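The values are calculated or read from the model by the stated rules, or taken from the named source; none is laboratory data. Treat the numbers as computed from the prediction; the structure is a model and nothing was measured. Every residue, glycine among them, receives a Cβ derived from its backbone with ideal geometry; neighbour counts consider all protein chains shown.
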């Protein structure tokens, strides 16, 4: 069998030496190229740790991480990241913020000076796609939280990464803004088709966006259930009111509850 | 409050203008008021000029001695600015190194604090032994006293880059140098300018300390000579000129700060900020 695009096998991660916290244990996960996978789980289950392992920011304590057939042993430049906090740079306007990765990632870095106009056009197109046309010259602090997060998504995508890692990117937004951004995210994914790993604790968000939802146990985290989402694209807010969608969310909810009950029984002396 | 809501935009704008005008004039009013009270107190209580001279006596002394005052304050300004410039260069470099490496921070910081705790007046005689009395001890004292706040502030700015932002850049393959250049340094700039405001004023303290201990010119030297002749109005004239120079240099630092790091004071609706960045 051909290796998956992202392949994590039996990984463990422990912080702070031998006596430290065990964040992940026996975690395995495979994601095909172009797939949208959501990882859900209770808070503190090591979801963010998983992200950092996949992007090579931290090496695993045990096990191996492969991306695109290569073992990950350092930061991956084919990855884009977005976090709950938009982390835009306040001294740059929106356009320059979005173009930041191009100043860092090769081969764009070497071509930026020569092809500046071309790259700028790409950034403007991307901003238009998320509804931020006309805001290029504004500074991040002049924008609302939802708009900042849109810009942050553009920054994660500008260098056309093959892998997009999203760590609860909509977690700090109000429900209306969040639902708007789900649609924006889906549109971006349909337009670019990167491989996406979305970490979230919002089951509706996972069901709305993903092709496949993985459920993690509480710490030490591992994948305990998996559910394919066969709802047709392009999904809309109407989709979320269908019985299929509601059943799916219920099922995910039950699986997480089961997992937590099982843990409590296992933990009991 | 309905009646307030009915106020016309023109009336509100006029009120805002009046307020801005008052804010611009306020420092001058306060300074003028202080001199008036001072003058009145000296006259009413008949205080002797060699204890506390009246502002009018100080002004007369300034007119009388304008030439030595000018040459000596020019000398002080020069030594201070050179020492301050050295502090900026050295402080920025050391701040970046300390801020970006935990190892250097741990190793160097106690030494820096120890160094900063040493009274600079005690260092001047050593500098005089090394460089001779005059220009260099004053420059170096200004430098020694003013580099510490710059180092600490720049290091803080660089060391407190958000971990997530660091991750975003590292995940793109950014080197530590990239991260410092793209994020650390711009982020440290507001801290840097805040420290300049402190550093420039203490730089004057440094050069004047050195001038009063060992120098043949400078405003500190002039005050020393004046006080040995009991020319107290001239001593006060020196003090006032020092204060004026300090405020002037502070103002220069603030102006540069506003031009370059307006983004850091976002939310304050200053038209100067919107254009910058």
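For residue B:214, which of the numbered conditions (1) surrounded by fewer than 24 Cβ atoms within 10 Å (Cβ to Cβ); (2) under 14 Å from residue B:73 (Cα atoms) fails to hold?
Every condition holds for residue B:214 apart from (2).
Quickly run through region B:162-187 and pick out the residues that are farther than 20 Å from residue A:85 by Cα and part of a helix (DSSP H, G or I).
B:176, B:177, B:178, B:180, B:181, B:185
Go through region A:186-198 residue by residue and tally those that are at pLDDT 90 or above and either buried (at least 20 other Cβ atoms within 10 Å of the Cβ) or assigned by TED's automatic domain parsing to the domain that holds residue A:108 (or both).
The qualifying residues number 6.
Kindly provide the set of residues from region A:17-37 that are farther than 20 Å from residue A:59 by Cβ and in a strand (DSSP E or B), ordered by number.
A:36, A:37
Can you report the number of residues in region A:71-80 which are modelled with pLDDT of 80 or more, out of contact with any helix residue (DSSP H, G or I) (no Cβ under 8 Å at 6 or more places or on another chain) and within 14 Å of another protein chain (Cβ to nearest Cβ)?
1
Listed residues B:199, B:188; which is surrounded by 24 or more Cβ atoms within 10 Å (Cβ to Cβ) and within 14 Å of another protein chain (Cβ to nearest Cβ)?
B:188
In region A:38-64, which residue that is part of a strand (DSSP E or B) and surrounded by 23 or more Cβ atoms within 10 Å (Cβ to Cβ) is nearest to the other protein chains (Cβ to nearest Cβ)?
Filtering first and then ranking leaves A:39.
Hey, among A:202, A:167, A:211, which residue is out of contact with any helix residue (DSSP H, G or I) (no Cβ under 9 Å at 6 or more places or on another chain) and buried (at least 17 other Cβ atoms within 10 Å of the Cβ)?
Result: A:211 is the single residue among A:202, A:167, A:211 that is out of contact with any helix residue (DSSP H, G or I) (no Cβ under 9 Å at 6 or more places or on another chain) and buried (at least 17 other Cβ atoms within 10 Å of the Cβ).
Pick out the one residue from B:97, B:154 that is under 18 Å from the mean Cα position of the chain (by Cα) and either at positive phi or more than 14 Å from every other protein chain (Cβ to nearest Cβ) (or both).
Residue meeting the stated conditions: B:154.
If we scan region B:236-259, do we find a residue that is under 16 Å from the mean Cα position of the chain (by Cα), assigned to a helix (DSSP H, G or I), more than 30 Å from residue B:94 (Cα to Cα) and touching a residue at least 24 places away in the same chain (Cβ under 8 Å)?
Looking through region B:236-259, at least one residue is under 16 Å from the mean Cα position of the chain (by Cα), assigned to a helix (DSSP H, G or I), more than 30 Å from residue B:94 (Cα to Cα) and touching a residue at least 24 places away in the same chain (Cβ under 8 Å).
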